[in-house]
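Everything below concerns the one structure shown next.
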Amino acid sequence: MVIALAQLMVVLDATIVNIALPSAQEDLGISDGDRQWVITAYTLAFGGLLLLGGRIADLAGRKRTFIIGLIGFAAASALGGAAASSGMLFGARALQGVFAAVLAPSALSLLTTTFTDPKERGKAFGIYGALAGSGSAIGFIVGGVLTEYLDWRWCLYVNVPIAVIAVFGAFALLHDSPVHKGARLDVPGVILGCGGLVAIVYGFAEAEPRGWTDPLVLALFAAGVVLLVAFVAWQTRAPVPLLPLHIVRDRNRAGCFLTMALAVIGLFGLFLFMTYYLQVILGYSPVMTGLAFLPLTAAIIVGSTQIAARLLDHVPPRLLMAPGALLAAIGMVLLTQLTVDSSYAPHVLPALILMGLGMGLVFMPVFATATAGVAPQDSGVTSATVNTSQQVGGSIGTALLNTIATTSSTAYITAHLLNPADRRLVTQQGIVHGYTVAIWWAAAIMLLAGIVAAVMVTAKPPGHDTPRPARQEEPAT
């Protein structure tokens, strides 16, 4: 429960400020061009530093790292809530991401080492997968309530009491792991890996205002690729690699990492569009917008805990992951039919339920399969790699799909705005057109996630799996 609480706080914070963003923007005078950094500062720091956080958890002890992450996250949240300027808010959000990068992998590795019985492990990962998948939607609900009835700042302050409860619970209930003496951090690996991820995500973010062929955007993509290639080359000869390559050479784990990244690219971009569609086009209040996501949250929980967790011991993981991604893609295709005159119950609700069930079937087996059979000294960095796939996928999805949507909207409005009197209607139609074009892309990426899961993940059901060869799980140190 303590681990689940911490994970919920971390995942929830990726989206809780989305609904509060218009209020925060007005209060602090943030420009339209800079407002994305309230979201991106968090996901960039989180995704970019997760591998480092995972290695710290392995070296310093998971319980200790978990508690430090909780305290730091709470302090950064309080700083963001008290922000007096846009720069202070951006900095606090980045600091939240740094401590989330320490907290998340230690939480997942504690879960991996605490629950070893297959039946209990299935239940634990079912709950964890449900929180990982539904935390973003829960963030919309909580963010809507806090923004409407208190103040946008409480979307950040709310983390403080949650973290305090989790810290006391961690001291009382969790057991620490032994610290690995003599080990050290891979500083060049941190610089190359994190630098490459940041450059690529920043390139996607800058493509929206500048265009895909802008020299800065192309330079960022090129620098990101070069840095990541250099990172992989360095990991083959680093004395203590940040990411031991035998972890990603395992076909099942590599398939899980890629499936997670692709699935979340589609999902996170969709959260952004649906938030603005419900508020801007349908005129929903922040609270109503949050509540509109509730069926998605419920469906993810059902798919993860009641379907995937019950079936994982009996069927191969890919027979859950691939149909789950297909189901989510079908839900997205339904949303491509949205217009300015669509309504929630017949046009949005069925799609959210299909997507939620599908994502529940993807998340739970991904987490369970990716962390199965990992040597104790590598459990932190393996957990971090799963979370990195999720956060980097979210960062890329938000930036990439937002760029596609904005570009399509602008082209539509330019082509159809013949009479100035029709500006409001044409603008709304253009916005929805941009969303539907981006959602088609999201559906295609989700379908690709299902194909990757079907082709790459060959693991048998946990109860029937054969032991892995010992040489695959030897420590890299």
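In the stretch 185-213, the residues that are under 14 Å from T398 (Cβ atoms) form Cβ pairs under 7 Å with partners that are of a type in the set (S, T, Y) and assigned to a helix (DSSP H, G or I), at six or more places apart or across chains, as follows: V201/S395; F204/T403; A205/T40; A207/T403; E208/T403; E208/T406.
Reported count of residues in the stretch 295-345, each being modelled with pLDDT of 90 or more, buried (at least 23 other Cβ atoms within 10 Å of the Cβ) and outside any helix (DSSP H, G or I), is 0.
If we scan the stretch 284-297, do we find a residue that is touching a residue at least 60 places away in the same chain (Cβ under 8 Å) and within 14 Å of P365 (Cα to Cα)? No: zero hits.
Just to be sure before I move on: is L270 more than 30 Å from V437 (Cβ to Cβ), aliphatic (A, V, I, L, M), touching a residue at least 60 places away in the same chain (Cβ under 8 Å) and crowded, with 24+ Cβ neighbours inside 10 Å in the structure I sent? Answer is no for this residue. In the stretch 359-378, the count of residues that are touching a Lys or Arg at 6+ places or on another chain (Cβ under 6 Å) and either buried (at least 20 other Cβ atoms within 10 Å of the Cβ) or at positive phi (or both) is one or more.
Checked against the criterion of being modelled with pLDDT of 75 or more and aromatic (F, W, Y), the candidates F115, F90, F125 yield just one match: F90.
Which condition number does I281 fail, the rest of (1) crowded, with 19+ Cβ neighbours inside 10 Å; (2) under 30 Å from V17 (Cβ atoms); (3) out of contact with any Phe, Trp or Tyr (no Cβ under 7 Å at 6 or more places or on another chain); (4) not hydroxyl-bearing (S, T, Y) being met? Tallying (1) crowded, with 19+ Cβ neighbours inside 10 Å; (2) under 30 Å from V17 (Cβ atoms); (3) out of contact with any Phe, Trp or Tyr (no Cβ under 7 Å at 6 or more places or on another chain); (4) not hydroxyl-bearing (S, T, Y), I281 fails exactly one: (1). Annotation: of all residues in the stretch 57-71 being in contact (Cβ under 8 Å) with a residue 40 or more places away in the chain and β-branched (V, I, T), the one that is farthest from L8 (Cα to Cα) is T65.
Within the stretch 267-294, the set of residues being part of a helix (DSSP H, G or I), under 19 Å from T336 (Cα atoms) and at pLDDT 85 or above comprises Y277, L278, I281, A292. One residue alone among R35, R62, R93 is closer than 19 Å to V142 by Cβ and touching a Ser or Thr at 6+ places or on another chain (Cβ under 9 Å), and that residue is R93. Checked against (1) touching a Cys at 6+ places or on another chain (Cβ under 8 Å); (2) modelled with pLDDT of 80 or more, F46 meets all criteria but (1).
The values are calculated or read from the model by the stated rules, or taken from the named source; none is laboratory data. Predicted model, so just to flag it, every value in this text is computed and none were measured. Positions of Cβ are generated from backbone atoms using ideal geometry, with glycine treated the same way; all protein chains shown enter the neighbour counts.
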